[in-house]
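Down below is the structure, laid out as structure tokens.
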Amino acid sequence: MKLDKPNQRLDMMNQGQKVQVVKIHTTGKLMHKLLDMGFVNGSDIEVIREAPLFDPMELKIHNYNISLRKSEASLIEVITL
Amino acid sequence: MTNIKVALAGQPNCGKSTIFNMVSGIEQHIANYPGVTVDKKIGFFKYDNNKIEMVDLPGTYSFSSYSLEERVSKEFIIDEHPDVIVNVVDASNIKRNLYLTFQLLEIGMPVVVVLNMMDVAKRRGIDIDSQKISKMLSCPVVEASGAKGIGGDEIMKAIVDTANAKNIYEEFKINYEELEPHIQVIEKTIKDSTSTLNKRWMAIKVLEGDTTIIQHLKQEYFDIEELAKEQVDKFHSIYDKDSVSFLATFRYDSADIIYHKTVKENNKGKETLTDKADKIILNRFLALPILFAIMFLVYELSIVYGYKLTDYTWPILAAFKNFVIDMMPQANFTEVPMMTDFAIWMVNSANALANYIPIFFILFALIAIMEDVGYMPRMAFILDRIFKKFGLHGQSTLPLVLGGAMVGGCAVPGVMATKGIADDRARMATILTVPYMNCLAKVPFYTLLLGAFFKPDMALMMFFISTVTVFIALIVAKILTTTILKTRETAPFVMELPPYHLPTFKGVIIRASQRVWVYIYKVITIVLAVAIILFAMLQFPGLSEDSKIEYELQSQKALQTFDIKAQKSSYYPLVDTKEEISDLLNYYDGYKSKRMATTSKEGALAVDETYKNINENYFKFIKPRRDKEAKKINKILRKLSKVRNKILRNMKNEKVENSLLGMAGKAVEPITQYAGFDWKINVAFLSSFAARESAVATLGSLYENNKADDMRAEEAMEKNSGYTPLHATAIIIFMLLTPPCIATMIVVKMQTYSYRWMLFAIFFPVTLGVIISSSVFTLGTIYSISGVDAMIYFYVTIVFIALVLGLYPDKNINWKGGLKLPTKSKGQYNIFDKNLRKEEN
């Protein structure tokens, strides 16, 4: 991990960027769901694309594709690789 | 013989259903959309002198208790104690799948891992050392490919061997390091529990806050929840870690270890076919055009071409009708036996529906293809932003499509598919809006009206009908979610986009046939049952004595006229009694309808031949050729037939008007007159609530002649109803808004767990329908707008309202301040926070 880079929010990442999960700022149902889908600390994420209408975003994590709304992605703290 | 109970578990899209079909031989619904398999599916079969009971659990990513599917699965494990758990793993997506595998192993029951889709993995250059996995997890691992039918026998062998070796099974344990002492505390507390479940597993689940297990233990340890909280807090204070997140991370790390030691990806980083396809299909500029093109194609292929197909299938149905009528007792001039009337009524009801089977088959096949290919979640991805705006969810796409967002569907499976939506508010809104979609049973009704009144504009009108429902649904959803559903809980949108798969021809055909069969089955049971009741309600109380005498006199007169004229012919002795005349009339009608049912010249000659054989003299009257004396009879016979049909129609209309159903239809006329509905339409609407299919059947029967002829319902309606296209537009708009059928309402009740929502789902749309169709008809009459124009105005208004609501900013942003991070997409960050706060409370 490079410590000189500031942590950022997943929803602000652009297409093609590769990031790593640092922390998830949520609880309850959403926390569980994100963990189950593999958003655990240290996992690598690649931003594949935004939906045509800009909102949900498509990500690649653990070698499969998933879509998240930006409102949910904004709760995931990441660092760029 | 031993009984072995097997639970089949796996993540969505791992091909679990194909494995289930392969080993148990039972076909079922398979789709590529997360969460379609919600029902419990059981297969009973024998293998090697063992009786196997296999239960296909719903696909879940995890084994916690946060979704309905997970709770269903866990309850099955708790209540039924399977001997073996078979875990289907997608070999091409092994890491995430192993996350579930670890949770299943922890349950403390023997597990057999099935590496499915080995062929896909091989194609993608993924090498898997399954023996090594087997060693590392100390459980059997079987390589298979459900789609190719490979590995079925090996799976069964592994199941039987594992079940037989049950007594030497050693408990599977993960060493959770820092968390271990806390697990131990809970385990010690519950060590005397009478539960037969694995204590350690329960302890871990309790620390995860699993509600199902906590409930299970609460009977014996009422303070278990507090105890768990205490341990979780302690763990948090020592390590600054959240136990839930810790456990998930630990399991993913374990899965990662297996992945790194046993899997070699030769093409890592290379673009897969799915990646390439998505570059086009989900492209910012192409995605929406492609989506609409696909929807249009589905519409063209099913409705337009399907309708053309009915030109070929209709003669078959007409022949069936003639066959049934031939079996029934013959009419004696205007005295038609009730039995014959009833048979004609039932066949008409059945035929009106059966006529649309080709359309349904094509439509269901196309939907099955889209499901199997994996396009459904992509649709949700593309459209979520719009749906979200109206309080729905991207996952509302599937229920809405099944309900008929694309041309036609059925609200029953549509409403049932809402089970998969985690967001409660969106789920409720979807349940209540799916019934607005184009019910397939309504499609015949539309095509009937369109065929009768909008022949040249049929495609345009059908386009309006099939697309306006979506806008109506969006408006209704927005209204509901901002009013009565406002306080409902919301949930995240986290959805897998699975790789594309080629659908198998067999799978698609089987599923399409199954769905068509469901339709036919529904027709047979509900509609025919309703048809019987309706027949009774239309027959009772029947004609008054005065009318009977009046019609009898008319008949006598017609017969007398015939008799006088017939005397001029030398064939008079053949037709000088009433019996002979009605015989001849029946012969004439029978011939006419059979001739019209055949289209080929050979067929026509064959019919001629048959009728010549039945009665050579009568045939002369029907085809007199050069026989002058026979020609005389032919002329008056045709006249008599016309008069007779007129009397029969008048009798029938009077009978219906006086009937119980007619009275009910008339009773609501004061309200419906503003929409231009006369009592006949009211009767059709009233009678069709049991199943919309019977709207066509009722109207068809009301407007059709009583006798066997080849006239389609469309032609009959156009000729006999006296409506204008504006009437038809008002009727169509009302039909668009009314809920489909009783079956749908029952499903709504099941999904909302409340009769009050069911009643709401009935009365809200009906009221809305009366108001809107009345306004359209009244305004249309005042400004003398044509039917098509009225539809265009209606359509534009609805689309406009939907757009305004969609562009209207979200109300949720009603606070400011807090931590200011630079935002790329304004507002959304806050919306979610608010929902979270609600969840925490």
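The values are calculated or read from the model by the stated rules, or taken from the named source; none is laboratory data. Everything numeric in this text was worked out from a predicted model, so none of it was measured. All Cβ positions, glycine included, derive from the backbone under ideal geometry; neighbour counts span all protein chains shown.
Here's the yes/no breakdown for (1) surrounded by fewer than 23 Cβ atoms within 10 Å (Cβ to Cβ); (2) at pLDDT 90 or above; (3) closer than 19 Å to B:Ala411 by Cβ:
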residue	(1), (2), (3)
B:Gly451	yes, no, no
B:Thr467	yes, no, yes
B:Ala473	no, yes, yes
B:Lys478	yes, yes, no
B:Leu485	yes, no, yes
B:Leu497	no, yes, no
B:Leu502	yes, no, no
B:Ile509	yes, no, no
B:Val518	yes, no, yes
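Looking across the range A:49-64, the residues that are assigned to a loop (DSSP other than H, G, I, E, B) and not small (Gly, Ala, Ser) come down to A:Pro52, A:Leu53, A:Phe54, A:Asp55, A:Pro56, A:His62, A:Asn63. In the range B:85-136, how many are assigned to a strand (DSSP E or B) and free of Cβ contacts under 8 Å to residues at least 12 places away in the same chain? Selection size over the range B:85-136: 0.
Contact map, the range B:466-494: residues that are more than 14 Å from chain A (Cβ to nearest Cβ) paired with residues that are among the hydrophobic types (A, V, I, L, M, F, W, C) and surrounded by fewer than 21 Cβ atoms within 10 Å (Cβ to Cβ), Cβ distance under 6 Å, separation 6+ or inter-chain. Pairs shown: B:Phe471/B:Val799; B:Ile475/B:Ile801; B:Lys478/B:Leu805. Note on the range B:89-136: residues that are surrounded by fewer than 23 Cβ atoms within 10 Å (Cβ to Cβ) and within 11 Å of chain A (Cβ to nearest Cβ) total 3.
When the residues of the range B:571-601 are filtered to those that are part of a helix (DSSP H, G or I) and of a type in the set (Ser, Thr, Tyr), the one that is nearest to B:Asn634 (Cα to Cα) is B:Tyr588. For the residues B:Arg644, B:Arg626, B:Arg649, the requirement of being assigned by TED's automatic domain parsing to the domain that holds B:Glu552 and at pLDDT below 80 singles out B:Arg649. Filtered by the rule that a residue be assigned to a helix (DSSP H, G or I) and aromatic (Phe, Trp, Tyr), the range B:360-410 gives B:Phe360, B:Phe361, B:Phe364, B:Tyr375, B:Phe381, B:Phe387. Return yes when B:Leu448 is in contact (Cβ under 8 Å) with a residue 40 or more places away in the chain and either within 26 Å of B:Pro725 (Cβ to Cβ) or not in a helix (DSSP H, G or I) (or both) and no when it is not. Here the answer is yes, as B:Leu448 does meet what is asked. With respect to the stated conditions, B:Ile386 is under 30 Å from B:Thr490 (Cα atoms) and out of contact with any His (no Cβ under 7 Å at 6 or more places or on another chain).
Just one of (1) assigned to a loop (DSSP other than H, G, I, E, B); (2) under 27 Å from the mean Cα position of the chain (by Cα); (3) modelled with pLDDT of 90 or more fails for B:Pro82. It is (2). For the structure I just gave you, tell me whether A:Glu46 is part of a strand (DSSP E or B) and under 28 Å from B:Leu291 (Cβ atoms). In short, yes.
Determine whether B:Ile475 is closer than 27 Å to B:Ile731 by Cβ and either assigned by TED's automatic domain parsing to the domain that holds B:Gly149 or not charged (D, E, K, R) (or both). So B:Ile475 passes the test. Consider the range B:366-391 and keep the residues that are among the charged types (D, E, K, R) and either over 13 Å from B:Val298 (Cβ atoms) or within 8 Å of chain A (Cβ to nearest Cβ) (or both). The one that is surrounded by the most Cβ atoms within 10 Å (Cβ to Cβ) is B:Arg378.
Here's the yes/no breakdown for (1) under 13 Å from B:Arg425 (Cβ atoms); (2) β-branched (Val, Ile, Thr):
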{"site": "B:Phe463", "(1), (2)": "no, no"}
{"site": "B:Ile475", "(1), (2)": "no, yes"}
{"site": "B:Thr490", "(1), (2)": "yes, yes"}
{"site": "B:Leu497", "(1), (2)": "no, no"}
{"site": "B:Thr504", "(1), (2)": "no, yes"}
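Does the range B:235-254 include one or more residues that are touching a Leu at 6+ places or on another chain (Cβ under 9 Å), away from chain A (no Cβ under 13 Å) and outside any helix (DSSP H, G or I)? No: zero hits. Checked against the criterion of being more than 30 Å from B:Arg638 (Cα to Cα) and in a helix (DSSP H, G or I), the range B:539-557 contains not a single residue that satisfies it. Can you find a residue that is free of Cβ contacts under 8 Å to residues at least 40 places away in the same chain and surrounded by fewer than 12 Cβ atoms within 10 Å (Cβ to Cβ) anywhere in the range B:147-159? For the range B:147-159, residues free of Cβ contacts under 8 Å to residues at least 40 places away in the same chain and surrounded by fewer than 12 Cβ atoms within 10 Å (Cβ to Cβ): absent. Every condition in (1) in contact with a strand residue (DSSP E or B) (Cβ under 8 Å, 6 or more places away or on another chain); (2) more than 10 Å from chain A (Cβ to nearest Cβ); (3) touching a residue at least 24 places away in the same chain (Cβ under 8 Å); (4) not hydrophobic (A, V, I, L, M, F, W, C) is met by B:Gly43 except one, and the failing one is (3). Listed here are the helices (runs of 4 or more DSSP H) enclosed by the range B:264-339 that have at least 2 residues being within 14 Å of chain A (Cβ to nearest Cβ): B:273-281, B:287-299. Taking A:Leu68, is it at the interface with another protein chain (Cβ under 9 Å from one of its Cβ atoms), more than 30 Å from B:Leu288 (Cβ to Cβ), modelled with pLDDT of 90 or more and surrounded by 17 or more Cβ atoms within 10 Å (Cβ to Cβ)? Considered against the rule, which asks whether it is at the interface with another protein chain (Cβ under 9 Å from one of its Cβ atoms), more than 30 Å from B:Leu288 (Cβ to Cβ), modelled with pLDDT of 90 or more and surrounded by 17 or more Cβ atoms within 10 Å (Cβ to Cβ), A:Leu68 comes out as no. Within the range A:5-43, the only residue that satisfies the criterion of being in a helix (DSSP H, G or I), farther than 22 Å from B:Gln103 by Cα, at the interface with another protein chain (Cβ under 9 Å from one of its Cβ atoms) and not charged (D, E, K, R) is A:Met12. Scanning the range A:48-55 turns up no residue that is touching a helix residue (DSSP H, G or I) at 6+ places or on another chain (Cβ under 7 Å), facing chain B (nearest Cβ under 7 Å), farther than 21 Å from B:Arg284 by Cβ and not β-branched (Val, Ile, Thr).
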